[in-house]
1. Would you mind stating whether R9 is of a type in the set (K, R), at pLDDT 85 or above, touching a Ser or Thr at 6+ places or on another chain (Cβ under 6 Å) and not assigned by TED's automatic domain parsing to the domain that holds V144?
2. Applying the selection to the stretch 79-106, what residues are modelled with pLDDT of 85 or more and among the β-branched types (V, I, T)?
3. Which residue pairs have Cβ atoms closer than 6 Å, lie 6 or more positions apart in sequence or on different chains, and pair a first residue in the stretch 212-234 that is in a loop (DSSP other than H, G, I, E, B) with a second residue that is at pLDDT 95 or above?
4. Restricting the search to the stretch 43-58, which residues are of a type outside the set (G, A, S) and more than 14 Å from the chain's Cα centre (by Cα)?
5. Are there any pairs, at least 6 apart or on different chains, whose C-beta atoms fall under 7 Å, with the first in the stretch 168-185 and in the same structural domain as I155 (by TED's automatic domain parsing) and the second assigned to a loop (DSSP other than H, G, I, E, B) and hydrophobic (A, V, I, L, M, F, W, C), and if so, which?
6. Is it the case that R132 is modelled with pLDDT under 85, surrounded by fewer than 21 Cβ atoms within 10 Å (Cβ to Cβ) and within 30 Å of L199 (Cβ to Cβ)?
7. Condition first: exposed (fewer than 10 other Cβ atoms within 10 Å of the Cβ) and assigned to a helix (DSSP H, G or I). Now tell me which residues in the stretch 195-211 satisfy that.
8. Does G90 satisfy being closer than 30 Å to D37 by Cβ and surrounded by fewer than 16 Cβ atoms within 10 Å (Cβ to Cβ)?
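The values are calculated or read from the model by the stated rules, or taken from the named source; none is laboratory data. Computed from a prediction, not measured in an experiment: that's the story for all the values here. Neighbour counts run over all protein chains shown; Cβ positions are idealised from the backbone, glycine included.
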Amino acid sequence: MDLFLYLDRDTPIHRLDPRTKILLTLLSFAMALMFRDIPVLLVVTALVLLVGSLGRALPNLGRIRGVLIMIALFCLTIWPLARGELSLSGVLYGAMVALKTDLMIVAGMVFLSTTKIEEIAEGLVRLHLPYRGAFAFATAIRLVPMIVETSHTIIQAQKSRGLDLDSGNFLERIRRHVPLVIPTLVSLIRSTNVFSMALESKGFGYSPKRTTLLDLRLGRGDCAAIVLGLGVFAALLVLKLAPGAYAAWAAFFPWGSF
């Protein structure tokens with residue numbers, strides 16, 4: 001079971017500088033948060049999926065399709081009730097919130113699927129983030145699959161010893177899984193201790209000047225991607241801030257603007 005998200009491919013998206021991909025991901029987050037119009041969010045989602053297709057990262061979206069569907073169903077159910085509108089307007093508002101959330105998740109998944117963890121850390125350092133912060137962020141991304149794998153190993157070990165975790169209703173299965181949290185935490189604490197000793201033995205943080213094997217350079221593809229991303233962001237920003245343009249847009253799509 002491969003729990004890591006990065007897909008080793010030779011695509012134009014993989015060859016982009018990690019700083020470019022970080023910028024494009026942040027722009028997609030900003031557009032998702034700025035707009036409350038379903039047509040605009042659909043356009044941005046289509047662009048993100050196009051980038052994912054160029055990077056051959058769409059198979060990873062299939063791994064989280066259940067999460068995306070659950071978020072959509074949750075928003076379509078809760079938000080109309082929270083707004084007190086059991087109507088088409090309330091359902092469309094829930095669809096807008098679901099689209100915002102799923103858009104950011106998909107953008108993040110495409111980024112993690114096409115960028116190595118080492119490239120993320122080095123890209124953040126080149127963006128003048130302190131190395132300790134960049135290392136902590138990259139380590140957190142690396143440890144999440146390890147935590148899932150540890151819990152999966154412990155569950156399989158307990159099942160081999162005769163522990164029944166699959167029978168009963170949903171609440172009973174949750175109750176049987178609770179005692180497994182303790183060995184999972186103990187295993188993680190041991191791994192963290194070994195990890196800290198490995199960092200100390202390698203002199204982590206000894207010198208402020210660091211060297212790296214990665215030679216990051218912005219190429220023509222990076223410049224084109226940055227210009228395209230900023231162009232889309234600027235066009236949508238003008239659409240949002242220009243009263244006449246936004247009013248015309250809202251009149252043309254009255255069903256998807258809030």
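1. Working: of a type in the set (K, R): yes; at pLDDT 85 or above: yes; touching a Ser or Thr at 6+ places or on another chain (Cβ under 6 Å): no; not assigned by TED's automatic domain parsing to the domain that holds V144: yes.
It is false that R9 is of a type in the set (K, R), at pLDDT 85 or above, touching a Ser or Thr at 6+ places or on another chain (Cβ under 6 Å) and not assigned by TED's automatic domain parsing to the domain that holds V144.
2. V97, T101, I105, V106
3. No pair meets every condition.
4. Within the stretch 43-58, the first condition is being of a type outside the set (G, A, S), and the residues that meet it are 43-45, 47-51, 54, 56, 58.
Passing the criteria: V43, V44, L47, L50, V51, L54, R56.
5. R173/L165; R176/L165; H177/L165
6. Values: modelled with pLDDT under 85: yes; surrounded by fewer than 21 Cβ atoms within 10 Å (Cβ to Cβ): yes; within 30 Å of L199 (Cβ to Cβ): yes.
It is true that R132 is modelled with pLDDT under 85, surrounded by fewer than 21 Cβ atoms within 10 Å (Cβ to Cβ) and within 30 Å of L199 (Cβ to Cβ).
7. We begin by selecting, within the stretch 195-211, every residue exposed (fewer than 10 other Cβ atoms within 10 Å of the Cβ); these are 201-203, 206-209, 211.
Correct list: S201 only.
8. On the way: closer than 30 Å to D37 by Cβ: yes; surrounded by fewer than 16 Cβ atoms within 10 Å (Cβ to Cβ): no.
Taking the combined requirement at face value, the residue does not satisfy it.
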